[in-house]
Structures are given as C-alpha cells and as structure tokens.
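Here is the structure we will look at.
The values are calculated or read from the model by the stated rules, or taken from the named source; none is laboratory data. None of the values given here were measured: they were computed from a predicted structure. In this analysis, Cβ positions are derived from the backbone assuming ideal geometry, glycine residues included, and neighbour counts consider all displayed protein chains. Areas reflect the complete protein model, heavy atoms only, side chains present, ligands, DNA and RNA absent. Shrake-Rupley method; radii C 1.70, N 1.55, O 1.52, S 1.80 Å.
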Amino acid sequence: MQEQGAASSPSQTGLIRAVHSISKTCGVISALMIFASVLITCQMIWVRFVLNGSTIWQTETVVYLMIGATLIGLSYVQYLRGHVNVDLLPMLLPEKLRKWLQVLMFLLTIAVTSVLTYHGFEYWHMAFERGWKSDTVWGVPLWIPYLAIPLGFGLFQLQLMTDLYAVIAGKDDSASHTLKGEGC
Amino acid sequence: MDPLALGGLVAFFTVLVLFSGVSVACGLLIVSAGFLIVFDGFGSLELLPELFYGKLDNFALLSIPMFIIMGSSISSTRAGADLYEALERWLTRVPGGLVVSNLGACALFAAMSGSSPATCAAIGKMGIPEMRKRGYPDTVAAGSIAAGGTLGILIPPSVTMIVYGISTETSIGRLFLAGAVPGLLLMALFMAWSIYDTWRQAGSASALGRVNYSWAEKLEVLPRVLPFLGIIIGVLYALYGGVATPSETAAVGALLCVLVAVIIYKLYDFASLWAILRDSTRESVMILFIIGAAGVFSYMLSSLFVTQAIAEWIGGLDVSPWVLMGFINLFLLVAGFFLPPVAVILMAAPILLPIILGAGFDPYWFAVILTINMEIGLITPPVGLNLYVINGIAPDIPLKTILLGSLPYVGCMVLAIIILSVFPGLVTGLPNLLMGPAL
C-alpha cells in the first residue's frame, strides 16, 4: 500500500512539516517496538522450551512494548489517516456544514486527548514520585511504561492540531486519502 | 436518572458521534468523557489514563499485532496468486471449477492472512479477470470474491475472534476451532450459489473455458504454496497441543512468516520489509487504540449502571430465548452495516454476553453467529469494505453490479445463521471433540 500521509506541499509551514516528521519518527519507533516484541517473545520461547530455562523479564517487557507501540504510534496512524472512522453524517451534509462538523469533532478529540495527556502525566508523576514498581519478581519501576501515556497522547494531540489547522485553512486533503476501516 | 433511559441516551450520542466522521476510538473516548463529566463530575476523568492503560496491560492482546504481522507478510508476497493458481490447476475439472477454486483460495488465504480486505485483494486481483475472461457473469465474479473474502474473520486464525475472546474472557483456542466448521459451511454455500447462478445466467453452454493442465504444471505450483500453509498449520497445532499461548505461538508464526517472505519470496530489500512492518503497525495501533478506548467506554457504562440495567431489563422480558436471539441478531446486523467488526464486538460483547448466557446460549456458538453478522456488514453498504476493495481492483465493474452480485451471498450467510441455530453442534462439536467439553 502506498504511503498515504498528507502530501507535503510548498505552502506548508515549517512547523507543520516538523510535526509531520515527528509523527513519522513515532511511526518508526512504534514499528520497531512491535518488531522487538516479536523477537523477545521468540527468545522467551527458545529459553523456556529449548533451553528449559525460566524467564523473568520477557512477558512483562513485551506487554510494555505493545502498550508503548500503541500510544507512540497514535500520531503516526493519525498522520496516515489510519484510524478507522464512519463518515455517514458528513456525507449527508452540505459542504459548509461538513467543514464545521469536522472542526467540531477535531476540537472534541483534542479536548479528550488533553484530558488523557494531563491526567496521564499526573499518573506518571505519581508513579515516579512514589517509586511504584510492578508486583512481579522483576519489579520494574512503573514510571517507565507509564511515560508512554502522556507522551503518546501529547504527540497525538500535536498531529491532531496540524490536521485541524489544515481543515480550517482549507488545505485538508484527507478526503482523497481517507483509509476505510480494516476488515478484522 | 433511570439507568435504562440513560442507556438510551448513551446509545443515541454514541451513534451520533461515531457517524460524524471522527475515528471510532476517539468517538468512544469523547462519549465516555462527556457522560462521566455530566453524571460523575470532572473528578472522574482522572481515572481515564489508568483505565486505558489497564485495558491494554494484557499479554493475550499481544496475539493481535503478531497475527497481523503474519497476515501482512503473507499479503505482501505473491502467495495469494500462487494459491489461486494451484487450486485452479487442481480443480479445473470440477464443474464451475474456476469459481470453486476461487472460493477455496479465498478460504485458505483467509486462514493465512486473517483479514477480509487482504483476501479480497489477493485472490480477486487474479481471480476476477480470469473468471470474466472465461465467461462467468460479472455478478458471480465480483460477488463470490467479496463474499469469499469475508471468511477471513471467521476461519481461524482470526483477529476478530481474538478480540471476542479477550473481551468476553473466553478461550481463544476454542473460539478458533468453533469457527472452522461454520467457515467451511459458508464456503460450501457460497460455492453452491455460485455454480447455480453461473449455470442460470450463462447456461450449460459454458464449460466456461476449461483449461487442461499437465501433471507437471499441477505439481510445479505446490512447493510455492506450502511454506505459509505449513506455518499456519504449525501455529494452530502448537496452540491446540497446549504447547504455548496464542500470543507466543503467533509471535513464532510472525517471525517465520517474515522469514519466508524474505527467503522464499525474496522480499529482502528494505522498502518491502518496511512496508510489511508499517502496515502491521498501522493496523495494530488502530485496533489496540479501539480496545483501550472501548475499555474506557465500558467502564463508563457500568459506572452509570447502564450495563446492569440493560441486562436486568432484558432478563425481565418474558420472551422465548429464540425471539431474544432474533432481536440480538437484528441489532448486530444493523450495527455491522455501519461499524467495523472490532468496534461492534468491543462495545456489544460485554453487554450481550451475560444476556446470552442467561438465556442459555453457548458463548462460543454466539461468537460464530456474531462473526457471521459482521461478515454481512463487510459486503453491504454503506461501509461494506470488501465492496470497495473489489471496486478498486476491478474498476470497470460498476459498484451496483458488485452490490447486486454480493446480495445473494448475504442470503447464504443468513441461511448459515439459521442452519447453525438449528444445529448448534456444528459449532461446538469440533472444539468439544478436540479440547473436551467447555467448562
């Protein structure tokens, strides 16, 4: 499948380009985290079934990697317009109203992600201050995995804001590359 | 406010928000946050990150990205075309051989890739032009592939089943087995209709361009289809042998599929590898985001006592379980028309499961019925994804013809639901046989 991100045009400001490259970088990081979890899970199976050893850190690590990949990947998938949506109502509306609806939904999304970023930061901070550890043998400091919450939602918000700007400025080309939902 | 009336209000706003073009996951978060603010105050919002994180903090979920990597590495190779060629060469003497081999290829590819649109695209790209060339009607050519592709979410391994398993806390291995026989049943129904419809429209004059293949040609294609098939069978075997959990076996399967794509299909350039990884990442993140958001959504429902009120209300209705099941089917069908399967399952399964169990139905049987309803949604407007995939790969067939061609297959699926309701053993038999009765 083709790279479906917002095409960069000369009219884009440097700021928007910067946000897009941050989102793309997040995509690479997220992909690498997912691939790392494939390798670590295979290593775990190797240790357990072939070497008959015991595994301590693997299960926990891959779960953290998966959560991290999801949160860090949010902005990249938004950049690709890969979050599945149903645009039944906009299709029924006249063009002008459609734009306002789009702006409204962007504002609501940004509001709710701000809530998650803000409280996510507090949650992370609490884990950091109080030195929370996972209740396993390994006992990972929980601020490490929790960091993905404010970071992921914060970066997601950044990408959403540039998309909102594109809609308001009338430069939104999302209609041409909206990805329809995946079938699974 | 009465929780049941509140439930109606939640349903109304959820539909409104989800239809307004916002992504499904964000829509669920918006609705949840809105209702929590109004009824529980701003203080309740501080729980959201913890709820979201907690929902994803589950090793079983890892099987989702793993199976997606398996599917997307298979889809990025020419395995679909190979599979199609192999079946076509072997089944050429069967009446309606081409459409039968197309549907067979869909079923097998569906098993390997676990994705409906990928199946449609992989088999349809070869199959549709070939069927039209040999005189099959356009409706059959387009409809059979659209319908065959939907098997991806029923035939194991299926990401949709994993999501059901996780959200209802049922055994994923057992769910996979439960989908096998109904998947074959659907395939058989699709085949029967295709042969009949071809005969009806094109008449018997058409041996429909039968081609003869030599044994050398028949044998030559086999080695190319075996590696991926072998991996899938190996993964399922390890799963049922109780050797490892779905996440673990899927991770090994994912690594092997990537290796086969690199070694046998020679996808060792950086761009193709990145394409596999990028597509898997996009899809995994999208699904896991919905799962996290659905976790927040179901917390909101139960903290406002909506879930409990609905279950109580339906439990208090004096109707026969089958009338109830009829209504549930209708609800799922309508939801499936508009929403992607994963979203429907995540929102509906936790609410419906206690009702289903209360009415004496089997949760594994229900998973299959639910999935077939979701399959119908994939080939019906307005969001029937497979219709658009077919439209994309065969642009000269009008969307209307694709739609008309797909409708009879919707009939086949409804028929399958009826057959499975009359003979639930078709669903539960295989898992009970291989894994012992469900606890």
Compute the acute angle (0 to 90°) between the alpha-carbon long axis of helix B:399-422 and the principal axis of greatest extent of the alpha-carbon atoms of chain B; round to the nearest 10°.
70 degrees
Give the Cα extents of segment A:94-175 along the principal axes, in whole Å, largest first.
59, 18, 16
Accessible-area order (highest first, 1.4 angstrom probe) of the listed residues B:K55, A:K96:
A:K96, B:K55
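Carbon and sulfur atoms: what percent of the 1.4 Å accessible area of segment B:110-206 do they account for?
Numbers: 1640 of 2650 Å².
Ligands and nucleic acids excluded, carbon and sulfur reach 62 percent.
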Please give, to one decimal in nm, the separation of the simple spin-label points placed at A:A36 and B:L357, each 7 Å out from Cα toward the Cβ.
3.8 nm
Counting partner chain Cβ atoms within 10 Å of every residue's Cβ in B:381-391, what's the average?
2
For A:W143, what accessible surface area do you get with a 1.4 Å probe? Give it in Å², rounded to 10.
80 Å²
In angstroms, what radius of gyration and Dmax does the protein assembly as shown have, counting Cα atoms only?
24.1, 80
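Nearest 0.05, what FRET efficiency do B:L184 and B:W274 give at R0 = 30 Å with Cβ-Cβ as r?
On the way: r = 36 Å, r/R0 = 1.21.
E between B:L184 and B:W274, to the nearest 0.05, is 0.25.
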Provide, as a two-decimal number, the C-alpha radius of gyration of segment B:133-191 over 2.2 N^0.38 Å, N being how many residues it has.
1.40
Descending accessible area (1.4 Å probe), largest on the left, turns B:I291, B:I195, A:I168 into A:I168, B:I195, B:I291
Could you sort B:E312, B:E130, B:E220 by their accessible area in this structure, using a 1.4 Å probe and putting the largest first?
B:E312, B:E220, B:E130
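So what's segment B:257-312 giving for Cα Rg divided by 2.2 N^0.38 Å, two decimals? It would help to have the intermediate numbers written out before the result.
Numbers: Rg = 20.1 Å, N = 56, 2.2 N^0.38 = 10.2 Å.
Taking the Cα Rg and dividing by 2.2 N^0.38 Å, one obtains 1.98.
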In vacuo Debye scattering of segment B:60-131, one point per C-alpha: log10 I(q)/I(0) at q = 0.19, 0.27 Å⁻¹?
-0.68, -1.15
Theoretical FRET efficiency, 1/(1+(r/R0)^6), r = Cβ-Cβ of B:Y196 and B:L399, R0 22 Å, to 0.05:
0.40
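Regarding chain B, what whole-number volume in Å³ per residue does the convex hull of its Cα atoms give? Working shown, then result.
On the way: hull volume 64.3 nm³, N = 439.
Cα convex hull per residue, to the nearest whole number: 146 Å³.
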In segment B:34-119, if the dipole is taken from +1 on Lys/Arg beta carbons and -1 on Asp/Glu beta carbons about the Cα centre, which of B:G54, B:L36, B:S101 is farthest to the positive end?
B:S101
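Between chains B and A, what is the buried accessible area summed over both chains (1.4 Å probe, protein heavy atoms, nearest 100 Å²)?
Values: alone 18600 and 11720 Å², together 24740 Å².
So the total buried area for this chain pair works out to about 5600 Å².
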For chain A, with a Gaussian network of springs between Cα atoms less than 10 Å apart, report the residue from A:T162, A:T13, A:T41 with the top mean-square fluctuation.
A:T13
Ratio of the Cα radius of gyration of segment B:96-151 to 2.2 N^0.38 Å, where N counts its residues
0.99
Over all pairs of different Cα atoms in segment B:204-304, the reciprocal of the mean inverse distance gives a Kirkwood radius in Å of 17.8 Å
Could you provide, to the nearest whole Å², the per residue accessible area of chain B with probe 1.4 Å?
36 Å²
Please compute P(r) over all alpha-carbon pairs of segment B:1-52, binned at 10 Å starting from zero, and give each bin as a whole-number percent.
24, 50, 26, 0
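Could you compute the FRET efficiency for A:R130 and B:F337, with r as their C-beta to C-beta distance and R0 at 35 Å, rounded to 0.05?
Details: r = 48 Å, r/R0 = 1.38.
E between A:R130 and B:F337, to the nearest 0.05, is 0.10.
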Using alpha-carbon coordinates, inclination of helix B:24-40 to the longest axis of chain B, degrees
10 degrees
Mean separation of Cα contacts under 8 Å (6+ apart) over length of chain B, as relative contact order %
26 percent
Project the alpha carbons of segment B:340-439 onto their principal axes and report the range along each, largest first, in whole Å.
52, 26, 22
With springs only between Cα atoms under 10 Å apart, run a GNM on chain B and tell me which of B:G411, B:G43, B:G326 wobbles the most.
B:G43
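Rounded, prolate or oblate, given the Cα gyration tensor of segment B:279-425, with a/c below 1.5 counting as rounded?
Details: a/c = 2.47, a/b = 1.36, b/c = 1.82.
Cα axes put segment B:279-425 in the oblate bin.
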How big is chain A by Rg and Dmax over its Cα atoms, in Å?
19.8, 65
Please calculate the 1.4 Å probe accessible area of B:S272, with all protein chains present, and give it to the nearest 10 Å².
30 Å²
List the equivalent ellipsoid semi-axes of segment A:53-142 in whole Å, largest first, each obtained as the square root of 5λ for an eigenvalue λ of the Cα gyration tensor.
39, 17, 8
Name the most mobile residue of B:V368, B:V319, B:V334, meaning the one with the largest mean-square fluctuation, in a Gaussian network model of chain B with Cα contacts below 10 Å.
B:V319
Using alpha carbon centers only, segment A:78-144 is separated from segment B:372-411 by a whole-angstrom value of 33 Å
Using a 1.4 Å probe on heavy atoms of the protein chains only, the accessible area for A:Y64 in Å², nearest 10, reads 40 Å²
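Could you tell me whether segment B:292-357 comes out rounded, prolate or oblate from its Cα gyration tensor? Rule is a ≥ b ≥ c as square roots of the eigenvalues, rounded for a/c under 1.5, then prolate if a/b exceeds b/c, otherwise oblate. Don't skip to the end; give the middle numbers.
On the way: a/c = 2.65, a/b = 1.19, b/c = 2.23.
Cα axes put segment B:292-357 in the oblate bin.
Taking the convex hull of the Cα atoms, report for segment B:1-159 its projected area averaged over all directions, in nm².
Working: hull surface 52.1 nm².
Taking a quarter of the hull surface, the average projection is 13.0 nm².
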